[in-house]
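Contents: one structure, followed by commentary.
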Amino acid sequence: MNYRHAYHAGNFADVFKHVVLTLILAYLGQKPTGFRVIDTHAGDGLYDLSGVAAEKTAEWRNGIGRLIGAEIWPELQPLLDPYLAIVAPRLTAESPYYPGSPLLAAALLRKQDRMIFCEAHPEVVGALKAHLGRDKRAKIIEIDGFVGLGAFVPPIERRGLVLVDPPFEAKDEFVRIAGAIDTALRKWPTGTYMIWFPIKDRAGVARFYSQMSDVIAKAGVREALCFELWIDDIGPDRPLAANGLVVINPPYVLDAQVRQILPYLARVLSIAGKGGYAVAHL
């Protein structure tokens, strides 16, 4: 499949992924020392939901469009507020925009924190530079994200998050992810890594879990979590209806936080009541 950000911005997978991203960044920001975000497949940074690419699929209407219009369970308000406070002001009826992970990070990081954004496509690099303006905390580098991951860890801060969110254009994307994380963990075993992936083929995802379990065990990682969210039936010939996250070295509060949020997202974003979720340790 091709999961280029512009066509799927603001869909159910973005909502899920970005809610978890903001939870991790908020946790990292609780300590006064600086940290670094490394985004291996950064994308444009900001997406026009009325534009040609987004309207071709209109997936955002059943993603962030639904969440914005839904009643939030009171106990979830503190968990969702960091995300919604950034996203909601950009979703005006006249000109709706959705911020990707670079702009979410820029909104949550402090002056002592730093960001590295990797992007392989020159035209996307140009858009990202325009959207981030002259933010001195950020470096935008035209490079293959997996090459960048090997080059930029460990960060000098020795604290931070690596976000791996590839477009899944290549058939061997799962293999590339496992190999890149294996290399990165050898250099920076204590970093937090968040890996997004689509779920179209359960057998392929099971093989990925097995590969990641081997990588994690070999690195001696203390903990790795897997979260899944689906909104409809899953199948290789069906539209994307399920996705997952693997989080290596997660904040100690993340497991409980996501277990609270997933039932809500599965209900609000579900199609015909077919939503569901899963949580596991790798």
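Taken together, the values in this text are just the output of simple stated rules run on the coordinates, not laboratory data. Note that the structure is a prediction, hence the values are computed from the model and not measured. Every residue, glycine as well, gets a Cβ built from its backbone with ideal geometry; the counts of neighbours run over all protein chains shown.
Summing Cβ point charges (Lys, Arg +1; Asp, Glu -1) relative to the Cα centre of the chain gives a dipole of roughly 840 debye.
Sequence-ordered 3J(HN,Hα) estimates for the stretch 249-259 from the Karplus curve with 6.51, -1.76 and 1.60 and θ = phi - 60° stand at 6, x, x, 5, 8, 5, 4, 5, 5, 6, 4 Hz, glycine and proline given as x. Using θ = phi - 60° in the Karplus curve 6.51 cos²θ - 1.76 cosθ + 1.60, the 3J(HN,Hα) couplings for the stretch 115-128 round to 9, 10, 10, 9, 7, 8, 9, x, 5, 6, 4, x, 5, 5 Hz; x is entered for Gly and Pro. Phi-derived couplings, Karplus 6.51 cos²θ - 1.76 cosθ + 1.60 at θ = phi - 60°, listed residue by residue for the stretch 66-83: 6, 5, 4, x, 8, 7, 8, 4, x, 5, 8, 3, x, 7, 8, 4, x, 6 Hz, with x used for Gly and Pro.
Could you please report the charge total around Tyr98, scoring K, R as +1 and D, E as -1 over all other residues with beta-carbon less than 11 angstrom from its beta-carbon? My count for the surroundings of Tyr98 gives -3. In this simple spin-label model, placing a label point 7 Å from the Cα along the Cα-to-Cβ direction at both Ala278 and Asp201 gives a separation of 1.7 nm.
The amide H of Leu46, built 1.01 Å from its N in the peptide plane, has Gly100 as neighbours under 5 Å, considering only residues 5 or more places off or on other chains. Helix-only arithmetic for the chain: the sum of -39500 (n - 2.57) across DSSP H runs with n ≥ 4, divided by the residue total, places the mean residue ellipticity at 222 nm at -13000 deg cm²/dmol. Measuring between their Cα centroids, the stretch 87-143 and the stretch 173-228 lie 26 Å from each other. Note on the stretch 5-281: antiparallel DSSP beta bridges, both residues inside, total approximately 60 percent of the bridges counted. Counting Lys and Arg as +1 and Asp and Glu as -1 over every other residue whose Cβ lies under 10 Å from the Cβ of Val125, the net charge comes to -3. Summing +1 for each Lys or Arg and -1 for each Asp or Glu among the other residues whose beta-carbon sits under 13 angstrom from that of Tyr264 gives +1.
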